Amino acid sequence: MRPSRCVLVLAIGAISLSVTAAASAAASTPPAGSWGKAIEVPGLGALNRDGFAEVRSVSCGSAGNCVAGGYYRDRRGRSQGFVTVERGGHWGTAIEVPGLGALNAGGDAEVLSVSCGSAGNCAIGGYYTVRPENSQGFVAVERDGRWGTAIEVPGLAGLNKGGLAEVSSVSCGSAGSCAAGGNYDLASGYSVGFVAVERGGRWGAAIEVPGLDALVKLNAAVTSVSCVAAGTCVAGGWYIGHRGGLQVFVTDERGGRWSTAIEVPGLAALNKKAIAFLGSVSCGSAGSCAAGGFYVDRGDHQQGFVAVERGGRWTEAIEVPGLAALNKDEEASVDTVSCPSAGNCAIGGSYIDGHGQPRWFVASQRNGAWRKAIPVPGVPALPRGYGPGHEPLSCGSAGNCAVGGEYYDRRGHRQAFVAVERGRWGKAIEVPGLGSLNAGGLAFIESVSCTPSGGCAAGGVYNAGHHRSQGFVVSLTA
């Protein structure tokens, strides 16, 4: 894996922690309100000559109109970024991100994040390598269904003196108005969090998150961005502060101007061991957002937290209600936050039960009040000693959400599941059709995106056998 990811892993290392594509794409549309069959991303097999591919991020501008992005390995073993577009409920052929190959002289590129402001108007971000040991962040934009050429984030090269940078998150409040966040390295080797903003279809220069230098002693990074309108966003991430250890920050963009970064209020009082991390931020409306992640308490127990912004002011972080009763082995985390409207959010994450087995949970906020966390219905516990990965979750409207994750079936194969909330969480099911693709018995979901009308899309990776991984997509009809 590229050097920049290694740097981030080290920074949080103290934490315990295609032969069937055309036929599949032409499959009949499933009944309304049901998941269709998972398909190999159309055309990805032809690109993925070296046998390693994955969907990293999915975003939907409207029901049946989505974008997925990730990476594949070409015939020379070089990692390249791809995008594929769903229009009218049908996924099109995957393509290399236009222009990214020309930037990617070092042979290691990946789409890490996708966001759509409306159908046919999206943005993607990620990284590429100029040469070995030197990575750079990029963005590319879709306008009216047509992809523009990938570009280096303006101004990032001037900041990235240490030669390791990436865009980890993008979010679009509307067509042509997006924000990107990530990290770059100083000449000293320390990482710094940055944000960059697109206005009127044009990307401005990347800047260090305002005020972050006053908080940071060593490293920092933006891990999540959420925008609800042009010039109205929130970004958050982690840093190593002057008190030592990992801390969490947030910053707001209002009227196109970023505020001074602050430590999440109240988190220091919970985070006694100075090990905290931000999983995700999400905004339902201007000044009404939520953030979630984990911290380590006085007893060396990892706990999940949420913090809420109301009226433009961040309130104190709290332990997720009801999670302590589930988290018997004291290792919990909030992975994803999704807020479809002000005061209405959902979170997803993991915990360890009383038998030492990892499990998934969800919790909802309704009209500003958090309900107790519950296990995702119907999901078997993961094997003892196995740590769960990322649990993607997305809400199209209050009480209408979807979540994904993984479990082990009776054959010992790792499979992907999806569960849907329609006012109440339904029982998780294996992703339809994925079992027949997952010959190697190793599959998981990386991303989920839902629309207000009830449609969703999800993407991830499966093992096609013979040590080959492949990206898949699956859609839930509105």
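The values are calculated or read from the model by the stated rules, or taken from the named source; none is laboratory data. Predicted model, so just to flag it, every value in this text is computed and none were measured. As a convention, Cβ positions derive from the backbone with ideal geometry for all residues, glycine included, and neighbour counts pool all protein chains shown.
Is at least one residue of the stretch 298-311 among the charged types (D, E, K, R) and within 18 Å of P265 (Cβ to Cβ)? Yes, the stretch 298-311 has at least one match. Within 18 Å of A457 (Cβ to Cβ) and among the hydroxyl-bearing types (S, T, Y): is that true of S62 in this structure? Yes, satisfied.
If we scan the stretch 234-249, do we find a residue that is out of contact with any Ser or Thr (no Cβ under 9 Å at 6 or more places or on another chain) and under 23 Å from G173 (Cα atoms)? Yes, because at least one residue in the stretch 234-249 is out of contact with any Ser or Thr (no Cβ under 9 Å at 6 or more places or on another chain) and under 23 Å from G173 (Cα atoms). Would you check if there is a residue in the stretch 127-145 being under 18 Å from V225 (Cβ atoms), assigned by TED's automatic domain parsing to the domain that holds A68 and of a type in the set (S, T, Y)? Scanning the stretch 127-145, I find at least one residue that is under 18 Å from V225 (Cβ atoms), assigned by TED's automatic domain parsing to the domain that holds A68 and of a type in the set (S, T, Y), so the answer is yes.
Apart from one condition, E446 fits all of (1) modelled with pLDDT under 95; (2) buried (at least 17 other Cβ atoms within 10 Å of the Cβ); the exception is (1). From the list G241, G256, the one residue that fits, being over 15 Å from S224 (Cβ atoms) and in contact with a helix residue (DSSP H, G or I) (Cβ under 8 Å, 6 or more places away or on another chain), is G241. Of all residues in the stretch 259-281, those satisfying the criterion of being closer than 24 Å to R298 by Cα and either touching a helix residue (DSSP H, G or I) at 6+ places or on another chain (Cβ under 7 Å) or among the acidic types (D, E) (or both) are E263, A276.
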